[in-house]
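Beneath this line is the structure, given in structure tokens, with notes to follow.
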Amino acid sequence: MAVAQNIRCSHCSGPVEFKPGELIATCRYCGFTTVVETGVPFNFDHSLLLNKFDLAQADELIEGWMNSGFIKPSDLAKKYKVLEKTLVYLPFWVVSVEAKTSYKGIFERISPPIAKDGKIQKEYNWLVLAREASGFPTREYAIPLEGKIPYDFRKIERFAKVLNSEIDREEALGLAKQQIEAHHRYLLKQDVDKIVEIYTDIKVKQALYLHAPVWFVKYEYKGKTFQLILDGAIGMPLKGDIPPSKF
Ligand SMILES: [Zn+2]
């Protein structure tokens, strides 16, 4: 385990704990957010999505997932055992952009091949997870932004963990741009088989820093351990390991 260090919160002067690699830290006594390296207050919007499920309700969510769908073993709902469930407030950057890609390429599916050009123009609230390593399914998470409120540490459950950001704003913008361009390359494969020229222009309208509640569940079934990840704002399953049926 990496050793945690302390800086003083510039708002309440309480100790703000951070771990190596964390760039933006939030005080757990007053909710004030600080840029670790400089010690200056974080100047951007910091929002929070509220968790709607207490520990017992989280059990119901888990049970609901075990009972749903057709590809799960028929005795899963009867035999699973929750080993661990943790509510974690994960830090995200939500980058609002207008993205325009112009491209030229060759459509090769017909003979003779033809040259084509086109444009993709879209608006996104692009989600960037502010932690370096994690098996979190960020692209699959339709984050329910309607529910966001200004960050309020008093609304955070005592038993929950709050993770700090390992990615600063600039890095988040860079990642969003890269990922959007890659996404557009993927989209335009419907239209051309070979790209000859591509240019993507991205206008950033806003970058929001946000903590969202996520339940990480470890469960056991027939002696093996599996993971389930559930969103805590609306109770949506985000990723779940399903044991093989003949197991
Ligand atoms: Zn403080």
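Quick check on the stretch 44-53: of everything there that is part of a loop (DSSP other than H, G, I, E, B) and surrounded by 19 or more Cβ atoms within 10 Å (Cβ to Cβ), which residue is farthest from the chain's Cα centre (by Cα)? Taking the candidates together, the pick is Phe53. Out of (1) within 22 Å of Leu55 (Cβ to Cβ); (2) surrounded by 14 or more Cβ atoms within 10 Å (Cβ to Cβ), what's the single condition that is false for Lys148? Failing condition for Lys148: (1).
Only one entry in Ala99, Ala77, Ala115, Ala56 is closer than 28 Å to Lys148 by Cα, more than 23 Å from the chain's Cα centre (by Cα) and aliphatic (A, V, I, L, M), namely Ala56. Taking the listed residues Leu238, Leu210, Leu228, the one that is within 13 Å of the chain's Cα centre (by Cα) and either closer than 17 Å to Lys78 by Cα or surrounded by fewer than 19 Cβ atoms within 10 Å (Cβ to Cβ) (or both) is Leu238, with no other qualifying. For the stretch 59-78, filtering for residues that are over 15 Å from Lys239 (Cα atoms) and surrounded by 13 or more Cβ atoms within 10 Å (Cβ to Cβ) leaves 4. Contact annotation: residue pairs with Cβ atoms under 6 Å, 6 or more positions apart or on different chains, pairing a residue in the stretch 22-38 that is in contact (Cβ under 8 Å) with a residue 40 or more places away in the chain with a partner that is near the ligand (Cβ under 10 Å from one of its atoms) and among the aromatic types (Phe, Trp, Tyr), are Gly31/Phe153. Can Val95 be described as more than 16 Å from the ligand (Cβ to nearest atom) and closer than 20 Å to Glu132 by Cα? Taking the combined requirement at face value, the residue satisfies it.
Which members of the stretch 1-43 meet the condition of being assigned to a loop (DSSP other than H, G, I, E, B), among the charged types (D, E, K, R) and within 11 Å of the ligand (Cβ to nearest atom)? Matches in the stretch 1-43: Arg28 only.
Within the stretch 139-154, the set of residues being over 23 Å from Val35 (Cβ atoms) and either assigned to a loop (DSSP other than H, G, I, E, B) or in contact with a strand residue (DSSP E or B) (Cβ under 7 Å, 6 or more places away or on another chain) (or both) comprises Glu140, Tyr141, Ala142, Ile143, Pro144, Leu145. Screening the candidates Lys81, Lys104 for the property of being more than 16 Å from the ligand (Cβ to nearest atom), in contact with a strand residue (DSSP E or B) (Cβ under 6 Å, 6 or more places away or on another chain), farther than 30 Å from Phe216 by Cβ and of a type in the set (Lys, Arg) yields one hit, Lys104. Of all the residues in the stretch 47-87, those that are hydroxyl-bearing (Ser, Thr, Tyr) and at pLDDT 95 or above number 3.
The values are calculated or read from the model by the stated rules, or taken from the named source; none is laboratory data. Model, not experiment: these values are computed from the prediction. So basically every Cβ, Gly included, is an ideal-geometry build from the backbone, and we count neighbours across all protein chains shown.
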